[in-house]
1. Scan the range 292-304 and give yes if some residue there is of a type in the set (S, T, N, Q) and without any contact (Cβ under 8 Å) to a residue 60 or more places away in the chain, otherwise no.
2. Which of the strands (runs of 3 or more DSSP E) contained wholly in the range 105-174 include at least 3 residues that are crowded, with 22+ Cβ neighbours inside 10 Å and touching a residue at least 24 places away in the same chain (Cβ under 8 Å)?
3. For the range 232-266, enumerate the residues that are out of contact with any Phe, Trp or Tyr (no Cβ under 8 Å at 6 or more places or on another chain), over 15 Å from residue 312 (Cα atoms) and buried (at least 22 other Cβ atoms within 10 Å of the Cβ).
4. Name the residues in the range 77-93 that are touching a helix residue (DSSP H, G or I) at 6+ places or on another chain (Cβ under 8 Å) and either at pLDDT below 95 or surrounded by 15 or more Cβ atoms within 10 Å (Cβ to Cβ) (or both), would you?
5. Any chance you could count how many residues in the range 188-210 are more than 8 Å from the ligand (Cβ to nearest atom), assigned to a loop (DSSP other than H, G, I, E, B) and either among the aromatic types (Phe, Trp, Tyr) or in contact with a strand residue (DSSP E or B) (Cβ under 8 Å, 6 or more places away or on another chain) (or both)?
6. Against the condition acidic (Asp, Glu) and more than 22 Å from the chain's Cα centre (by Cα), how does residue 307 come out, does it pass?
7. Considering each residue of the range 310-326, count those that are under 22 Å from the mean Cα position of the chain (by Cα) and either farther than 18 Å from residue 280 by Cα or part of a strand (DSSP E or B) (or both), and give that number.
Amino acid sequence: MSRIASLDYSALYSRLQGTALQPWLDVLPVMIEKNFNAARWGDIPRWLSCIEKLPIIEPNAINLDADTVSIVNETPLTADVRQQLEQALRGLHPWRKGPFDIAGIHINTEWRSDWKWKRLQAHIKPLTGKTVLDVGCGSGYHCWRMKGAGADLVIGIDPSPLFIVQYWALQHFIQSNSVFVLPAACEDLPQDLQAFDTVFSMGVLYHRRAPMDHLLELRQLLKPGGQLVLETLVIEGDENAVLVPGDRYGRMGNVWFIPSVAALTRWLEKMRFSDIKVVDVCATTIEEQRSTDWMTFQSLSDFLDPDNHSKTVEGHPAPVRAILTATRKS
Ligand SMILES: C[S@@+](CC[C@H](N)C(=O)[O-])C[C@H]1O[C@@H](n2cnc3c(N)ncnc32)[C@H](O)[C@@H]1O
């Protein structure tokens, strides 16, 4: 039996009372109901049954400040409980963002999301005591790391219901009062909340058909003086260089714009961000994104030209990602 009623966000609702995010409470429950809808997503009952089957474990420690987000249980699990745990977690395949370790079960996710965190953590404003939003957070791996870095309240949003259930699998054990992942897209958020000290948008901009509107939405979520941490695909070139892929980019159908770093910087300036810094640019490798036994579908090596890994199968430049930080001026 699970200790949490599935998708019970009442702890979040209590936390938002009396804060700058209180106005969101007017629409939040309805939004959650609408976006996590079994009529639309037929797998939801099966995924929730996996959560129900997770065993109760009283962890000895929760480690959110290490490459692998871990739930540490010093007493070895019995073979039966271990099997029950592993089966329930494997029912939530594919696991894309991680890694996680739950009582000795290592979830070797498609992405080494810890590598992205390592690239940015020294360059962002301290998160200690802050209210943070992670837009397009996937399973919430980075949300847990943000809490590990001292954030007071972390809200992640993602429209994909499987990732929300994966968050609840972790939350079943962690029982956190300060990390919440909600079923939502950024366009579902109320406009002009001005409530977050730091907003992360990582791996989302190229999925947006109107990227400058996305930057504007992110700006309006920030308090004046708040920091945006933006991570996205980039190409080489000057401030006028932007790739608009045809049908697909690396087999992804929903990639709209891939700017150069110079073009992205100009977009941020136009949206009235200041203090814009490029803190990292690096090619995504087949060691960072790969198939594993927790994500058995195709991965990056299948999306690259087999004879030339500097190109995608469509002949576009292979994925290179940049991380920029910027401040909301006023
Ligand atoms: C490439 S993944 C990045 C995940 C994570 N932020 C990271 O950097 O590892 C992109 C995520 O954005 C989510 N996403 C796509 N469109 C979105 C939107 N309009 N609003 C919020 N999230 C979105 C997807 O469901 C997916 O989980």
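The values are calculated or read from the model by the stated rules, or taken from the named source; none is laboratory data. Small disclaimer: the values here were computed from a predicted structure and weren't measured. Please note: Cβ atoms are built from the backbone with ideal geometry, for glycine as well, and neighbour counts cover all protein chains shown.
1. Here is the first cut: in the range 292-304, the residues of a type in the set (S, T, N, Q) are 292, 296, 298-299, 301.
This time we only want the ones that are without any contact (Cβ under 8 Å) to a residue 60 or more places away in the chain, so: 298, 301.
Yes, the conditions are met somewhere in the range 292-304.
2. Numbers: elements: 105-107, 131-135, 153-158.
Of the strands (runs of 3 or more DSSP E) lying wholly inside the range 105-174, those with at least 3 residues that are crowded, with 22+ Cβ neighbours inside 10 Å and touching a residue at least 24 places away in the same chain (Cβ under 8 Å) span 131-135, 153-158.
3. 264
4. Taking the range 77-93 first, the residues touching a helix residue (DSSP H, G or I) at 6+ places or on another chain (Cβ under 8 Å) are 77, 84, 87-89, 91-92.
Within the range 77-93, 77, 84, 88, 89, 91, 92 meet the criteria.
5. 3
6. Values: acidic (Asp, Glu): yes; more than 22 Å from the chain's Cα centre (by Cα): yes.
Here the answer is yes, as residue 307 does meet what is asked.
7. 7
The rows are residues; the columns are (1) over 28 Å from residue 194 (Cα atoms); (2) within 10 Å of the ligand (Cβ to nearest atom).
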{"residue": "119", "(1), (2)": "no, no"}
{"residue": "122", "(1), (2)": "no, no"}
{"residue": "129", "(1), (2)": "no, no"}
{"residue": "136", "(1), (2)": "no, yes"}
{"residue": "152", "(1), (2)": "no, no"}
{"residue": "155", "(1), (2)": "no, no"}
{"residue": "167", "(1), (2)": "no, no"}
{"residue": "173", "(1), (2)": "yes, no"}
{"residue": "179", "(1), (2)": "no, no"}
